[in-house]
Amino acid sequence: MDKKAFRLCCFLVVMALFGSCSWQTKNQLPDQTHEKSYKQLYLDYAHKTADEYLENLELNLEKWREKSTLGKSDVFNPGASEIYLAALFVNLYEVYSDEKYLHAAKTILLRYPEYKELFKPELPLRVEYNNGIPAVPNFFVVPKFARAAQVLFNTKICTESEKEMIGQSLAESADYLLLTQEWGAINRAALRAEALLIIADIMKNHPHRAQWFKNGKAIINDNLNNWSIEDAGMYNMIWLYSLCGYANYLQHEEIFENPVLNYYFEYNKQLYSPAGVIPDYGDAWWKSWWHLTMPVFEVGAKAANSKSLRWVAQDAMFKNLDTTKHNIDIALKLSEAYLWAGEQSQAEMPQNQSKQVLDDAIGKKIVFRSGWQPEDTYLLLNYRDETESGWLFKQNLYNTLSIEHEKIHHGHSDENSIVCWMYKGSLLLHDGGYRPALPSGPNGAYRADIFHNKPVLRKGLLPLQNGVIEQFKNDGYHEKVTTFKIDFITGKYADYSRTRTVDTALHIISDRTIVYCKSIAAFVVTDIVISTKNKNDVSAAVLWHTQTIKELGNNWFVGRYDSIGHWKSSSEITMFACFPNEKQVMQSENIDRHKQNEKVVSISRSQQLQQGESLVFHSVLIPVGEANYAQLAGDIMRVASSENAAAVSIKYAGKTLQIVHKIDLEADIARQWPRPRYQYQSGEIVGEKLRSDGHFLFLQKSDSVYVQALNCTAVYYNETCIFEQSKVTNEYRPDGAAPTADAWKVRMFEKTIGKQ
C-alpha cells in the first residue's frame, strides 16, 4: 500500500469511529446536579481539547507539516504537538476505553517519521546522524511518544507490521538518546531515563533492549537518590514531572517513599506564589510551564496524603487555565493530573506564613508571606550558590556543555537576589528571564548578575556617575561564590533574614538583611559589603528593576509593572523605593530584560576599603497607591548610630519603625578564654533611643512601643534596661582556672511597652 492510500485509510477509520459516538455517549460524566470534582474539571478540558483535534485530525497533521521549518536548519527537530496529542489520546482511552482514541494515536505515531522526508538541510548532515536520523530526536518528546506506544502495544489495535514500524521509531529514538547521555539529578537526565525505560519495557525482544534498560536504570537511580543540582523554578518542576511519569507509567510509585523526593514536593509548594505559579528564578520565563503544577502536585498529594499539596494543584488550575482555548500540551498535563491523582478528597489552603524553603543547605531560599490568599504579601529571596552536592554530575556538565554563563545547572548569578515580590495581586519585583540566545546572549543575558535585584560588585574604582550598567557589563560568565544563611526568624511585627555571599576573588563578604515590616507590608533591605583585605578597591551597586518609573526623586522612585510579555497587571499598586544615604549615587538606566524594555535603578559607591571596612546600602520598599511620594521619602532616614550599626527610621501609616543591624557580627567576641566570649561593650549597637549587643533590633511605635532584639544579652530603650540576661557559672575550664560567670545570649527578645 502506498503512503497516500495508507493515510486515507487511517483517516477514514478515525472519522468513522469519531462519527459513531459523541464524547458523552460512552462513560457518561458524573451527575452534574452537584459541583464538579476537581478531577472532573481536569478531565473536561482534556476531553474537549482531544475531541476538537480529533474531529479534524488529518487537516491538523497536514497543517503541522506545512508549518515545518526543518529544511532551514541542520538540526532535525520536528514539532512536539502531535506527539503530545497522541499521548493525550491514549490517556483518554485509559479513562473511557473508547478505541477512537487508539486509532488516532496510532495514526500519529505511524505518520510521524514522515518528517524525515522534510529534513533536507543545505549544510552537510551532523555527525550524530551518521547511523540514521531518529524519528523522535527531542528528549522532551520521546517519553510521550513512548507512552503512546506503550498503551497501543498493550491492546490489539496494531497489526504486527504497524508494531514493527512504531518499534523502529522507538528504537531509533532510544539509540539516539544514548549519544548525548546526560546523567545526574537534572531534568535532562530524568527525561532520558524515563524514555529509555518505557521503551525497554515495550521492546522486550529488541537486541538493544539490555543497553537501554541498563543505562536508563543507572540514570534514574541518580535522580531518585540525590539532591537536584538545578536551581531553576521551571526545570525543577520538569524534573519532578518526569519522575512522576516514570513512577506512574512503569508502576514505580514506591519511589515517593524516598524522603529526597518528598522534600521537593514540599519545597515547590512553599515557593508557590499568589500568581498561581512558582516564580521564574533561574532559567525560566514568567508563568512558563505553569501547567506542570497540576499533575506534579496531584502526585505529591497522593503520595503524602496532603490536602495542602492538592490545594496548590487546584489553585493553579483556577488561576491560570483559559477554558476558551484548547491547548494540547495543557490538556495532556490535565489528563495526567486526572490519571495520577488519588481519591478525591478535601483540599486545604496552607496556613504557614514566612518560612525557610526548606533549609539552608540545599534549598537556600526564604519566602516572606502574610498568607496564601491572592492579595497577601509574598517575597522570594534566593541565596543559593552551586552547593557542594552532586560533584561528579556537575563536573560532567562542566566538561560537556558550554555553560559558563550559569551556575550548574540552569541557575543564574542571582545569589542573594529578590526574585519576586507581590502585594494585593500586583507584581512589584520579578526576575530577569531565561536567555535570548544560545549559549546565553550578549554579556550573559539574562543570567548575569546585572539582570537581578541584588547587590553587584566589581573590582576597581569605576566612574559610576557615567552609568552603572555599562560600567558593570562584562562577559557575563558566572563567577563562583559561596553562600550561607546567618539567620532567619519570625516575630510579632517583623520577620528577619540575614544571608551572606562570600566572594574570594574580590576579597568581599556581602550580607543582605531583609526585614518584613508586617504592619505596613513593607520591606527594608540592607546590603552590607565588607572587605576582607587591605587596600581593596571596590565598586558596588544595589540594583532594582522595574518596567515603568512613575516618579523619580533625589533618593527615591516609584515603579510598576504593567505587563510581562502577554501577562497584564490588573492592579494599581506600585513600588515605592527609598534609599536613605547621602553618600551614594542613585541613577536610572534602560535595560533589556525578560524580552522587553525595562528600567534599572541603582544605588552605588566606589571606594577603597581597608580590611573590615564596609559599605552600607539601605533600600526601603513600600507598596503604595497614589501618595505624596516626596513627603513619604522625607519620613525615611538613616538614624544616628554607633560605628558598628546600620540603622533606618520610617514614619508611615501612623507608625514609627526603627531597624538597626550590627555590621560586624563578631565585634563582641573576645579572642581568649573564658567562655562565654561575649563582651557587651564591644558589641553594643545604638539606634535612636535603642541600644543592645544584639545582631538586629526592631522598634515599632504607635499607641505602644514594641521592641524585638536577636542574639543579645541586654536591651535598653530610652536609657532604661528593658532586658538583661542573668549570669551563669562557666563550669568548663580546660585551662584549670577558677570558674567565671557571665551571660549567655538569648535567641530572641520581644516586649511591648505600655502606651506612650
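The values are calculated or read from the model by the stated rules, or taken from the named source; none is laboratory data. Just so we're clear, the structure is a prediction, and the values are computed from it rather than from any experiment. When we count neighbours, we look across all protein chains shown, and the Cβ atoms used for this are built from the backbone with ideal geometry, even at glycine.
Side notes on the structure shown:
- Residues located in the range 268-279, provided they are within 11 Å of ASN236 (Cα to Cα) and assigned to a loop (DSSP other than H, G, I, E, B): ILE278
- Qualifying residue in the range 672-694 (condition: surrounded by 17 or more Cβ atoms within 10 Å (Cβ to Cβ) and either polar (S, T, N, Q) or assigned by TED's automatic domain parsing to the domain that holds ILE486 (or both)): yes
- Scanning the range 105-131 for residues that are exposed (fewer than 12 other Cβ atoms within 10 Å of the Cβ) and of a type outside the set (S, T, N, Q) gives GLU117, LYS120, GLU122, LEU123, PRO124, VAL127.
- Scanning the range 708-730 for residues that are among the polar types (S, T, N, Q), assigned to a strand (DSSP E or B) and surrounded by fewer than 13 Cβ atoms within 10 Å (Cβ to Cβ) yields THR720, THR729.
- None of PRO295, PRO350 is of a type outside the set (D, E, K, R), part of a loop (DSSP other than H, G, I, E, B) and either touching a residue at least 60 places away in the same chain (Cβ under 8 Å) or buried (at least 22 other Cβ atoms within 10 Å of the Cβ) (or both) except PRO350.
- Selection within the range 565-595 - part of a strand (DSSP E or B), in contact with a strand residue (DSSP E or B) (Cβ under 7 Å, 6 or more places away or on another chain) and in contact (Cβ under 8 Å) with a residue 40 or more places away in the chain: THR574, MET575, PHE576, ALA577, CYS578, VAL585, GLN587, GLU589, ILE591, ARG593
- Selection from the range 134-156 of residues that are among the β-branched types (Val, Ile, Thr) and buried (at least 18 other Cβ atoms within 10 Å of the Cβ): VAL136, VAL141, VAL142, VAL151
- Boolean, ARG126 is within 39 Å of the chain's Cα centre (by Cα) and either β-branched (Val, Ile, Thr) or closer than 18 Å to GLN181 by Cα (or both): yes
- Some residue of the range 615-623 being of a type outside the set (Val, Ile, Thr) and in a loop (DSSP other than H, G, I, E, B): no
- Filter result (at pLDDT below 95, part of a strand (DSSP E or B) and not aliphatic (A, V, I, L, M)) within the range 633-657: ARG638
- Matching entry among LEU609, LEU621, LEU632 (being over 27 Å from TYR378 (Cβ atoms), assigned by TED's automatic domain parsing to the domain that holds LEU429 and crowded, with 20+ Cβ neighbours inside 10 Å): LEU609
- Hits in the range 371-408 - residues which are over 28 Å from LEU438 (Cα atoms), part of a loop (DSSP other than H, G, I, E, B) and touching a strand residue (DSSP E or B) at 6+ places or on another chain (Cβ under 8 Å): GLU375, ASP376, THR377
- Subset of the range 557-584 (residues that are among the polar types (S, T, N, Q) and modelled with pLDDT under 95): SER563, SER569, SER570, SER571, ASN581, GLN584
- Annotation note: Cβ proximity below 7 Å between a residue of the range 485-502 that is closer than 24 Å to LYS655 by Cα and touching a residue at least 40 places away in the same chain (Cβ under 8 Å) and a residue that is in a strand (DSSP E or B) and among the charged types (D, E, K, R) (sequence gap 6+ or interchain) occurs for GLY491/GLU750; LYS492/GLU750; TYR496/ASP487; SER497/ASP487.
- Condition met for ALA200 (surrounded by 23 or more Cβ atoms within 10 Å (Cβ to Cβ), more than 29 Å from the chain's Cα centre (by Cα) and closer than 23 Å to PHE76 by Cβ): no
- Residue in the range 22-40 that is at pLDDT 95 or above, outside any loop (DSSP other than H, G, I, E, B) and either within 16 Å of LEU334 (Cα to Cα) or out of contact with any helix residue (DSSP H, G or I) (no Cβ under 8 Å at 6 or more places or on another chain) (or both) present: no
- Residue ID - surrounded by the most Cβ atoms within 10 Å (Cβ to Cβ), chosen from residues in the range 731-749 that are assigned to a strand (DSSP E or B) and out of contact with any Lys or Arg (no Cβ under 9 Å at 6 or more places or on another chain): PHE749
- Any hit, the range 407-416, residues being among the acidic types (Asp, Glu), surrounded by 24 or more Cβ atoms within 10 Å (Cβ to Cβ) and either touching a helix residue (DSSP H, G or I) at 6+ places or on another chain (Cβ under 9 Å) or farther than 21 Å from ALA284 by Cβ (or both): yes
- Restricting attention to the range 429-457 and to residues that are over 17 Å from the mean Cα position of the chain (by Cα) and part of a strand (DSSP E or B), the residue that is surrounded by the most Cβ atoms within 10 Å (Cβ to Cβ) turns out to be PRO455.
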